[in-house]
1. On the given criteria, is B:Val228 more than 14 Å from chain A (Cβ to nearest Cβ), at pLDDT 95 or above and under 15 Å from the mean Cα position of the chain (by Cα)?
2. State whether the residues of the range A:232-248 include one that is of a type in the set (Lys, Arg), farther than 30 Å from A:Arg25 by Cα and either within 14 Å of chain B (Cβ to nearest Cβ) or surrounded by 18 or more Cβ atoms within 10 Å (Cβ to Cβ) (or both).
3. So in the range A:168-180, with the set limited to residues that are out of contact with any Ser or Thr (no Cβ under 6 Å at 6 or more places or on another chain) and outside any strand (DSSP E or B), which one is farthest from the other protein chains (Cβ to nearest Cβ)?
4. For the range B:136-164, enumerate the residues that are in contact with a strand residue (DSSP E or B) (Cβ under 8 Å, 6 or more places away or on another chain), in a loop (DSSP other than H, G, I, E, B) and farther than 20 Å from B:Gly314 by Cβ.
5. Out of A:Thr24, A:Thr91, A:Thr50, A:Thr29, report the one residue that is in contact (Cβ under 8 Å) with a residue 60 or more places away in the chain and more than 24 Å from the chain's Cα centre (by Cα).
6. Restricting attention to the range B:255-290, and to residues there that are touching a residue at least 40 places away in the same chain (Cβ under 8 Å) and of a type in the set (S, T, N, Q), which single residue is farthest from B:Ile26 (Cα to Cα)?
7. Mind telling me which of the residues B:Ala194, B:Ala137 ends up being hydrophobic (A, V, I, L, M, F, W, C) and over 30 Å from A:Pro271 (Cβ atoms)?
8. Can you find a residue in the range B:149-162 that is within 21 Å of A:Leu247 (Cβ to Cβ) and at pLDDT 95 or above?
Number of protein chains: 2
Amino acid sequence: MSEKILLVLDADPPPRLGRLTGRTRILHTDAPSLAEHLPRADVLLVWDFTSRAVREAWPGEGPRPRWVHTASAGVDHLMCPELAASDTVVTNARGVFDQPIAEYVAALVLAWAKDLPRTATLQRAHEWRHRETQRVAGTRAVVVGSGPIGQAIAGTLKALGISAALVGRTERPGIHGPEDLDRLLTRADWVVAAAPLTRTTYGMFDAHRFGIMQPSARFINVGRGPLVVEDALVEALSRQWIAGAALDVFEREPLPPDDPLWDVPGLVVSPHMSGDTVGWRDELGTQFVELYELWEAGKPLPNVVDKKRGYVPGH
Amino acid sequence: MSEKILLVLDADPPPRLGRLTGRTRILHTDAPSLAEHLPRADVLLVWDFTSRAVREAWPGEGPRPRWVHTASAGVDHLMCPELAASDTVVTNARGVFDQPIAEYVAALVLAWAKDLPRTATLQRAHEWRHRETQRVAGTRAVVVGSGPIGQAIAGTLKALGISAALVGRTERPGIHGPEDLDRLLTRADWVVAAAPLTRTTYGMFDAHRFGIMQPSARFINVGRGPLVVEDALVEALSRQWIAGAALDVFEREPLPPDDPLWDVPGLVVSPHMSGDTVGWRDELGTQFVELYELWEAGKPLPNVVDKKRGYVPGH
């Protein structure tokens, strides 16, 4: 058995790969050198999941890795027609981010319901001002994206007594199809975007969708920035079509310091961190090593991305 | 049947009492006039639950109301030896605040775990700074107070995957006795005070108790201010014996604008509002009317306070 070459695209080296030393040659590369190294790699680990280098460096022909794993749930940053057309297998970090993101969404929902941001403002002003807050039990959520992340979000919201409807690409038991989305949006208190970024979902939260939401509704994007037409969201907030929003992901990341989004009233801006709880890098490293050992043994890989659709299909 | 006299101690008149008009004479009083009206009232409704007027006005002898209802869970503001020794029945608003307070505690826990306050600070500075946050599933909470509020808090935390131990006055199935408290505190991530204020619980969260908590622990008081030795909490925060705290209740309420508590780093100050969700005054009014109709019909009342202990005993 010849020594396999694992190419790792990373800024900071990943943890937990020590288990592979001795039987695998591990090469690290940055984005500019990726194209040069790709032809001799058996496996590519996209550890720097913010990089779009794979789209640019993926060879149209000739030798290339047989397997690409990305340490992320989304694969939009690496998919390109050449990769989609090749016989290279693509896997993702399905599972690692589900519960953390679900908790993050619950944190935002409860913070809004209990008016915590205003409590902080009033505290700074030494102002004792009693307010009535909202009960979340009995409210309604719509979660767009029916993969494991969306399901974890819906599960956590339901545990808080919130009725949560899941919307996926196709209708299945317990999951609404896209044809139900607008109807569900008109009566939702909380709208959560947790879909993969695909041709179908690109820009799906637009002026029409924000326009049909309730004035009391709040919108959360923990999926990918371009799910949302950012200008439309800003307008919806300024016209009070909806009561508030939180974006953890953006068209441009990191959001530049002079971006007007930082200062939009009613908008919470966070730096793409909803899924990243203490230990997440270790979990991602461990997950990759487990997949690597399956691959090495010639066993089927889990988390295989449907490269045409751009996500791991559900069951 | 002679017309009954219902005396209401209130600043703002309560809703939902309309159902009683025609068969009950309703008198409203403020604190200074309470003593004058008390002897001729059959029933006293303490609607202004912040008032301590009952303790001062309750007659040592002579005619007095046969029933006192308070629109609050705690009865510490009205109990006095004369009332405790009398045959007057005291009832409380058991049930109305359970779920709202549980959600409020969950909101604080999740906001801390997900570092939401710092997200707001960084947003104001237009600073994109990724952080790793905490996963709440798998963490440990101790809830002191095993009545319906404590039970709702524990239930909601458990729904989020947090292991929540309840501590009550006496050991019962599913509830720890006071002898377990210190051991539980040493390993808790979240400590929640939700006990009634009694001789036993007064000042129970003192320097010793904060000293044995983990440096990563966070403390929440949604019970009554004097459960906590405020100076000891301030010292615990400044010495980093614990990582943070939130007080919704205080020794003095409203907290005066010049109180140093407003500015203690790591302390969240809120104005006694954790249980007050939209519609709470209607719920309290409806609950009182339902009890009144039972009382009028000579039926046994629920929510009867054990006046010696200072709370409604559990089963």
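1. Yes.
2. No: the range A:232-248 contains no residue that is of a type in the set (Lys, Arg), farther than 30 Å from A:Arg25 by Cα and either within 14 Å of chain B (Cβ to nearest Cβ) or surrounded by 18 or more Cβ atoms within 10 Å (Cβ to Cβ) (or both).
3. So the residue we want is A:Glu179.
4. B:Gly138, B:Thr139, B:Ile162 - these are the residues of the range B:136-164 that are in contact with a strand residue (DSSP E or B) (Cβ under 8 Å, 6 or more places away or on another chain), in a loop (DSSP other than H, G, I, E, B) and farther than 20 Å from B:Gly314 by Cβ.
5. A:Thr24
6. B:Ser274
7. Criteria check complete, one pass: B:Ala194.
8. No, the range B:149-162 contains no residue that is within 21 Å of A:Leu247 (Cβ to Cβ) and at pLDDT 95 or above.
The values are calculated or read from the model by the stated rules, or taken from the named source; none is laboratory data. Fair warning: this is a prediction, and the values are worked out from it, not measured in the lab. Every residue, glycine as well, gets a Cβ built from its backbone with ideal geometry; the counts of neighbours run over all protein chains shown.
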